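Take a look at the structure set out below.
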Amino acid sequence: MTRAFERRPKSVKDLLDVAALSRAEIEALLTLASLLKAKQQGGTSHRLLQGKTLGLLFQKPSTRTRVSFEAGMNQLGGHALVLPMADIQLSRGESVADTARVLSRYLDGIVIRTYDHATVEEWAREATMPVINGLTDLSHPCQALSDLLTIKEKKGTLKGIKIAYVGDGNNVANSLIEATAKMGMTIALGCPSGYQPDQHVVDVARVEAVKTGATIDVGQDPYVAVKEADVVYADVWISMGREREQARRLKVLSPYQVNSRLVAKAKPDAIVMHCLPAHRGEEITAEVLDGPQSVIIDQAENRLHMQKAILTKLLGKRRSGER
Ligand code: CP
Ligand code: NVA
């Protein structure tokens, strides 16, 4: 017999990309995240995932994603289990398929941070539990969804908001493009040639933008990107796994630094965002990152609240032990 969850589309079982969510699903996540944030801040118990266990498998370093998922799971009354790569048989060549199918018998969900996006797709295919993308070379959906919460809090709305993304058109940029397209916002990217966002992501987002009224502008001039922007967004120039390209990236991306001269060209009340970790003096100056327009710590906090909403939606609907 086909089990109920197997009949559901993958986008419902897993969270691999923002593009797989509907606008209504994103709105529901934003509402739930705000509710859970209020409960957490008001000291109201919200043990919605009692008895559930979340696995955390990280093949790249992480501070925010790992700790916020682990703390979030604890706050929801569940348990999080870090699976150090070196300690599990995957590191000795056991297949993703066998690992995913076996771990699905023990866990209620898993967060995976890895290099190749195809790896999280394989996990999602093989696992019967929900698989959450905790960052791949292609995308970082939990970051972009959390950032929508921060923008909504700071600006009061997402409607009519323009994000300027300046620098390397990386995983974070790709997920912000997907989120913007879904929510009918505007994003303008100022990224040098050779460091533009993923073309497939942009093409799919532009199709979505026709339906939602979003605008996706991909350009090379940071000053054009920040014009009339409500949000100026920076990320590192050297993402995890790109360390060997350091010298070239520092050279090509240096005109793309988010500094006070650039931020002054955005709207006067523009907020400055950065997913962190940051390299002061490279992609952003200390003056801007630690300045009055920066919302980076609130932005990092919202990872916790949005991810608790994601966990509640994905793990909450499954009965423990359901396969
Ligand atoms: N922004 C973010 O994902 O941070 P970590 O790499 O610390 O998880
Ligand atoms: N683009 C960065 C994001 C870190 C959270 C990286 O992939 O390293």
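Derivation of every value follows stated rules applied to the coordinates shown; laboratory data play no part. Predicted, not measured: the structure shown is a model, and the values here were computed from it. All Cβ positions, glycine included, derive from the backbone under ideal geometry; neighbour counts span all protein chains shown.
Data table
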| quantity | calculated |
| --- | --- |
| Residue that is surrounded by the fewest Cβ atoms within 10 Å (Cβ to Cβ) [pool: residues in region 17-27 that are more than 16 Å from ligand 2 (Cβ to nearest atom) and closer than 20 Å to residue 131 by Cβ] | 22 |
| Residues (within 12 Å of ligand 2 (Cβ to nearest atom) and free of Cβ contacts under 8 Å to residues at least 60 places away in the same chain) located in region 118-145 | 136 |
| Filter result (among the charged types (D, E, K, R), crowded, with 18+ Cβ neighbours inside 10 Å and either without any contact (Cβ under 8 Å) to a residue 40 or more places away in the chain or more than 16 Å from ligand 1 (Cβ to nearest atom) (or both)) within region 232-273 | 249 |
| Region 14-35: number of residues that are touching a strand residue (DSSP E or B) at 6+ places or on another chain (Cβ under 8 Å) and either free of Cβ contacts under 8 Å to residues at least 40 places away in the same chain or among the aliphatic types (A, V, I, L, M) (or both) | 3 |
| In region 68-89, residue nearest to residue 134 (Cα to Cα) [restricted to those that are in a helix (DSSP H, G or I) and touching a residue at least 12 places away in the same chain (Cβ under 8 Å)] | 69 |
| Residues of region 125-148 that turn out to be more than 15 Å from ligand 1 (Cβ to nearest atom) and surrounded by fewer than 23 Cβ atoms within 10 Å (Cβ to Cβ), as a count | 3 |
| Qualifying residue in region 292-309 (condition: surrounded by fewer than 15 Cβ atoms within 10 Å (Cβ to Cβ), more than 19 Å from the chain's Cα centre (by Cα) and over 30 Å from residue 16 (Cα atoms)) | yes |
| Residues within region 45-102 that are within 16 Å of ligand 2 (Cβ to nearest atom) and aliphatic (A, V, I, L, M), tallied | 2 |
| Residues (under 25 Å from residue 64 (Cβ atoms), assigned to a loop (DSSP other than H, G, I, E, B) and among the hydroxyl-bearing types (Ser, Thr, Tyr)) located in region 90-124 | 114, 115 |
| Among (1) outside any loop (DSSP other than H, G, I, E, B); (2) away from ligand 2 (no atom under 16 Å from the Cβ); (3) more than 14 Å from the chain's Cα centre (by Cα); (4) in contact (Cβ under 8 Å) with a residue 60 or more places away in the chain - the single one residue 206 does not satisfy | (4) |
| Residues within region 235-279 that are over 15 Å from residue 190 (Cβ atoms), within 16 Å of ligand 2 (Cβ to nearest atom) and either among the aromatic types (Phe, Trp, Tyr) or in a helix (DSSP H, G or I) (or both), tallied | 6 |
| Residue list for region 29-67, filter: β-branched (Val, Ile, Thr), part of a loop (DSSP other than H, G, I, E, B) and more than 16 Å from ligand 1 (Cβ to nearest atom) | 44 |
| Number of the condition not met by residue 188 [criteria: (1) in contact with a Lys or Arg (Cβ under 7 Å, 6 or more places away or on another chain); (2) on the phi > 0 side of the Ramachandran plot] | (2) |
| Boolean, residue 136 is polar (S, T, N, Q) and over 24 Å from residue 241 (Cα atoms) | no |
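Residue-wise test of (1) crowded, with 18+ Cβ neighbours inside 10 Å; (2) in contact (Cβ under 8 Å) with a residue 40 or more places away in the chain; (3) hydrophobic (A, V, I, L, M, F, W, C).
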{"residue": "156", "(1), (2), (3)": "no, no, no"}
{"residue": "170", "(1), (2), (3)": "yes, yes, no"}
{"residue": "177", "(1), (2), (3)": "yes, no, yes"}
{"residue": "189", "(1), (2), (3)": "yes, no, yes"}
{"residue": "192", "(1), (2), (3)": "yes, yes, no"}
{"residue": "202", "(1), (2), (3)": "yes, no, yes"}
